[in-house]
Amino acid sequence: MAIATLDSKLSIVRPTGQVNASNAVELDHQLKSAILSDRYSTVLVDMQQVETLDSDGLGVLVSALRLAQRRNQRFSLCGMGDSVRMIFELTQLDQAMEIFESYDDFLATLTAKEDSPRRTMVYA
């Protein structure tokens, strides 16, 4: 597993292989470090190299999502294979988490936010 930093606002965590009880603690530590760091407003978990995910790994991701939400940070996943995506669909966590097909799809949302004009909502 590795952590990369795209810029001062984005931390990318890239787990590999099987994410299960034997390495869930390591993933938990990496995610918490990224989320608790004041340097990042967004944490992306790139799941492209994840072959399997068990309930311990899923629990770590849910815990990380909750922590990020409490800290008002963006927490996203991308690049899931079909078997991993199926787990998210069966547990309906695909409805609770921001999931992108690919890293490029995620990056497009960053670019779109930067390019879009700020809107001010006025309520009468």
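The values are calculated or read from the model by the stated rules, or taken from the named source; none is laboratory data. Quick caveat: nothing in here was measured; it's all calculated off a predicted structure. Neighbour counts run over all protein chains shown; Cβ positions are idealised from the backbone, glycine included. When the accessible area is computed, the model is the full protein with side chains, heavy atoms only, and any ligands, DNA or RNA have been set aside. Shrake-Rupley method; radii C 1.70, N 1.55, O 1.52, S 1.80 Å.
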Could you check segment 42-72 and list, in sequence order, the residues that are farther than 16 Å from residue 19 by Cβ, open to solvent by 60 Å² or more (accessible area, probe 1.4 Å) and assigned to a helix (DSSP H, G or I)? 66, 69, 70
Please state which of the following conditions residue 94 fails to meet, knowing it meets all the rest: (1) in a loop (DSSP other than H, G, I, E, B); (2) in contact (Cβ under 8 Å) with a residue 24 or more places away in the chain. (2)
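Looking only at residues in segment 13-41 that are β-branched (Val, Ile, Thr) and either open to solvent by less than 10 Å² (accessible area, probe 1.4 Å) or in contact with a Ser or Thr (Cβ under 7 Å, 6 or more places away or on another chain) (or both), which one is nearest to residue 100 (Cα to Cα)?
The initial filter retains those residues of segment 13-41 that are β-branched (Val, Ile, Thr), namely 13, 16, 19, 25, 35.
Subsequent filtering for residues that are either open to solvent by less than 10 Å² (accessible area, probe 1.4 Å) or in contact with a Ser or Thr (Cβ under 7 Å, 6 or more places away or on another chain) (or both) retains 13, 19, 35.
Values: 13: 15, 19: 19, 35: 19 Å.
Here the residue is 13.
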With respect to residue 75, determine if the residue is open to solvent by less than 20 Å² (accessible area, probe 1.4 Å) and either outside any helix (DSSP H, G or I) or more than 21 Å from residue 22 (Cα to Cα) (or both). yes
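Residue-wise test of (1) among the aromatic types (Phe, Trp, Tyr); (2) more than 27 Å from residue 92 (Cβ to Cβ); (3) at pLDDT 95 or above; (4) touching a strand residue (DSSP E or B) at 6+ places or on another chain (Cβ under 8 Å).
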position	(1), (2), (3), (4)
1	no, no, no, yes
11	no, no, no, yes
15	no, no, yes, yes
28	no, no, yes, no
43	no, no, yes, yes
46	no, no, yes, yes
58	no, no, yes, no
Give segment 59-86 a look and list any residue that's under 13 Å from residue 31 (Cβ atoms) and of a type outside the set (S, T, N, Q), or say none. 59, 60, 61, 62, 64, 65, 66, 67, 68, 71, 75, 77
